[in-house]
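Written out below as structure tokens is the structure these notes cover.
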Amino acid sequence: MADFLHVLSTPAGWVGVLSLTLLELVLGIDNIVFITLLASRLPRDQRALARTLGLGLAVITRVALLTGISWLTRLSDPLFTVLGRDISVHDIVLVAGGLFLMVKSTQELSRMAADPLGTQDTQVGEASLLGVIVQIPLIDIVFSLDSVVTAIGVSGVLPVMITAVILAVVIMILASGPISSYLDAHPPLKLLAAAFLLLVGSNLVGEAFGVGVPSGYLYFTMLFAGVVMLFTVRAARTVRAQIVEQAVADARREAAEQDSAPESGTR
């Protein structure tokens, strides 16, 4: 505790905390998207609880990874060789997490293809609260593994790293609610989020075999696709409003013509 107070009492310590918090948030975008989609399978009154408890457990796993720095550095040590390539624990975690994400995102895309507007009752209540809470910290290990290694390389000061992780997760908890509501209100964006997770999962598997794409390219691609989707949704909303206005105007004109027809006939 004395080390925490000493580090956090200096401006340099807080600069490190804020920098690492921002880094954790940028690297945790895909984590927030996954948690939002995973919690959407629950009834509305359980979603916030699942996100909060799941991310609370994720704090414990991240802090455990940070405190086990010496163990974490050994994750890249080769365990065995396959087709001339060394396989480590880090590679196994990436493959397992990537395949899990690919399966989950494919299931989500299949559900959306069957019911794009999410109006069927089967869209909600398919997952259990306990199952979602357990899955969130487990997949968070995959998402946070590289960010934790990056944090160690950037700072290396344990109090700074732990404080940054806690702040980042608190912000993620606060942001997950509005993001979830926004995605529920805009099904096309939810479809894009599921496609983003499929891309992230396949990239994790690729990284395990040395053929992954830098995360910056993925984030930029999905950001561009998201902006295009937002403009598409806005355009579709405008077209729908114009169609409704035209239909109302046509209905009023027909009603006026019908009202004036008997009057002209009597004359």
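The values are calculated or read from the model by the stated rules, or taken from the named source; none is laboratory data. Predicted model, so just to flag it, every value in this text is computed and none were measured. All Cβ positions, glycine included, derive from the backbone under ideal geometry; neighbour counts span all protein chains shown. Side chains are part of the model used for accessible areas, which takes the heavy atoms of the whole protein and leaves out ligands, DNA and RNA. Shrake-Rupley method; radii C 1.70, N 1.55, O 1.52, S 1.80 Å.
Of note:
- Test for Leu72: is it at pLDDT below 75, open to solvent by less than 60 Å² (accessible area, probe 1.4 Å) and not aromatic (Phe, Trp, Tyr): yes
- Single condition Leu66 does not satisfy, out of (1) modelled with pLDDT under 80; (2) open to solvent by 70 Å² or more (accessible area, probe 1.4 Å): (2)
- Note on the stretch 105-158: residues that are farther than 15 Å from Leu20 by Cβ and either within 15 Å of the chain's Cα centre (by Cα) or at pLDDT 70 or above (or both) amount to 27.
- The residues in the stretch 218-230 that are at pLDDT 80 or above and either of a type in the set (D, E, K, R) or open to solvent by less than 80 Å² (accessible area, probe 1.4 Å) (or both) can be counted, and the count is 4.
Conditions tested, residue by residue: (1) within 30 Å of Gly28 (Cα to Cα); (2) among the hydrophobic types (A, V, I, L, M, F, W, C); (3) within 15 Å of the chain's Cα centre (by Cα).
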| site | (1), (2), (3) |
| --- | --- |
| Leu192 | yes, yes, yes |
| Gly206 | yes, no, no |
| Tyr217 | yes, no, no |
| Met222 | yes, yes, yes |
| Val227 | yes, yes, no |
| Phe231 | yes, yes, no |
| Asp250 | no, no, no |
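- A single member of Ser181, Ser176 is modelled with pLDDT of 80 or more and either assigned to a loop (DSSP other than H, G, I, E, B) or open to solvent by less than 40 Å² (accessible area, probe 1.4 Å) (or both), and it is Ser176.
- Selected residue (only one of Val233, Val248, Val239 is modelled with pLDDT under 80, of a type outside the set (Gly, Ala, Ser) and farther than 30 Å from Gly97 by Cβ): Val233
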